[in-house]
Structures are given as structure tokens and as C-alpha cells.
């Protein structure tokens, strides 16, 4: 892995192979801290050093099954990959004013982002809601960037962020948000595709088999 202060390791949330790959990368990187999109800091604080990294224990301690994520068993390799502290990226956003969220995007990027939001929501969203979803995505990227930078300041480099592929893309996801406020911090983005289909925007792109999953848009047809 090329050297970096922050590694943003993307995923398709329900792909177990993606989590195995993230765990392998964590072992290579040897991070000082691992920040996870799926957890609040209050949840992460429950992960004491002596807590067994067992799926049933983690599910109960973190209330994982109540959060809507895929089963914690497929995330287990991440929890087992390092002794570094695990931190949360979710929760109350805090002050994000430095990230310029009040400034409009370039028209082409705005249109592209709206089209992506429409596609991932099965083209079922009213068109007038798409700008709100884009704004929400920008805010979440800024929040994840802020939490990851806080971990970097506290623990030193390198820090890993575990997040979805959309947040990992270098051109407008978390890496771009970091670059806006801390351009001196080096960030490497990894995105993961399935069956040869590659998501955009990664510095590095990995591939894994596509798991069997129902068509999420079937109900809208």
C-alpha cells in the first residue's frame, strides 16, 4: 500500500468479500485507529479491549441488529483485524462550517450527483427532492472527514476509515472533504467493485464476486 495519513476503505455494505479485503488492508496498514461509518462514538466506546470479538457479543453490545446494517458476522473480520481503537463516524455532526456546505456545486457535478441519487433510489424519488439528497450526502462526507481528522489528530497517522464506496470516492467524497480543510493531509482511497463492475473515484480499485441478492428495485417496477 502506498503511504498515506488516512486510508478510506470503501465497500458495498452487504458484500462479505469486501469486508475480508478491508481486513487484509488494515493488517497491511497497521492503523493507529479505525473509524467506522456504522457506529456512533457512544457505541464505539462500548468496545473495551477485553470485549470478545464474537459476533453474538458484538451484536448485543452494539445493538447492531437494530441499526439496519447487514449482519455483523460479515463485518467481523474488520473488528478482528487490529488492536487499534475503533471509533464512530455516525451521530451528531457537530460544526461543519469549514467544509463549505453552503456553497453550490459546479452545475455539472450537481447534475451528476442528482442522477446518481436517482439511480440508487430506483428512480423512485420526486425530482425536487434530489438536491436535498445531494446536500445530505455532502454533509455526511464532511462529517466523516471531520471524525477521521479528529482521530488523526488524537492518535497520529495512519488512520483508516471504513465507509461505503460513495463516501470513499476521491473526487467528491471524504478525501475531497479532507483536502478542502487540511490539504497537507495525504489520503488514499480504495473502492471495491463486484464482478468486474468498477465504482468510480478510487485511487485503488479492488474487485470481488457479486453475491446473490434480490433486485432492490423490483418493487418499483
**Request:** Search the stretch 108-133 for residues that are over 20 Å from residue 217 (Cα atoms) and pair each with any residue that is surrounded by 15 or more Cβ atoms within 10 Å (Cβ to Cβ) when their beta-carbon atoms are under 7 Å apart and the residues are at least 6 apart or on different chains.
**Result:** 109/172; 110/134; 131/114
**Asked** Can you name every residue in the stretch 68-92 that is surrounded by 14 or more Cβ atoms within 10 Å (Cβ to Cβ) and either part of a loop (DSSP other than H, G, I, E, B) or in contact (Cβ under 8 Å) with a residue 60 or more places away in the chain (or both)?
**Response** 69, 70, 74, 78, 81, 82, 84, 85, 87, 89, 91
**Item:** Residue check, residue 113 under 15 Å from the mean Cα position of the chain (by Cα), modelled with pLDDT of 95 or more and either surrounded by 13 or more Cβ atoms within 10 Å (Cβ to Cβ) or outside any loop (DSSP other than H, G, I, E, B) (or both)
**Value:** no
**Message:** Looking at the structure I just gave you, is residue 57 assigned to a helix (DSSP H, G or I) and either surrounded by fewer than 21 Cβ atoms within 10 Å (Cβ to Cβ) or touching a residue at least 40 places away in the same chain (Cβ under 8 Å) (or both)?
**Reply:** yes
**Message:** When you check residue 59 against the structure, is it over 23 Å from residue 204 (Cβ atoms), touching a helix residue (DSSP H, G or I) at 6+ places or on another chain (Cβ under 7 Å) and modelled with pLDDT of 95 or more, yes or no?
**Reply:** yes
**Asked** Does the stretch 131-154 include one or more residues that are farther than 22 Å from residue 92 by Cα, surrounded by 15 or more Cβ atoms within 10 Å (Cβ to Cβ) and more than 20 Å from the chain's Cα centre (by Cα)?
**Response** no
**Asked** Among (1) closer than 24 Å to residue 74 by Cβ; (2) out of contact with any helix residue (DSSP H, G or I) (no Cβ under 8 Å at 6 or more places or on another chain), which single condition is residue 183 missing?
**Response** (1)
**Fill in**
Across (1) modelled with pLDDT under 95; (2) part of a strand (DSSP E or B), residue 125 clears everything bar (2)
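The values are calculated or read from the model by the stated rules, or taken from the named source; none is laboratory data. Computed from a predicted model, the values in this text were never measured in an experiment. Glycine gets a Cβ as well: all are built from the backbone with ideal geometry, and neighbour counts include every protein chain shown.
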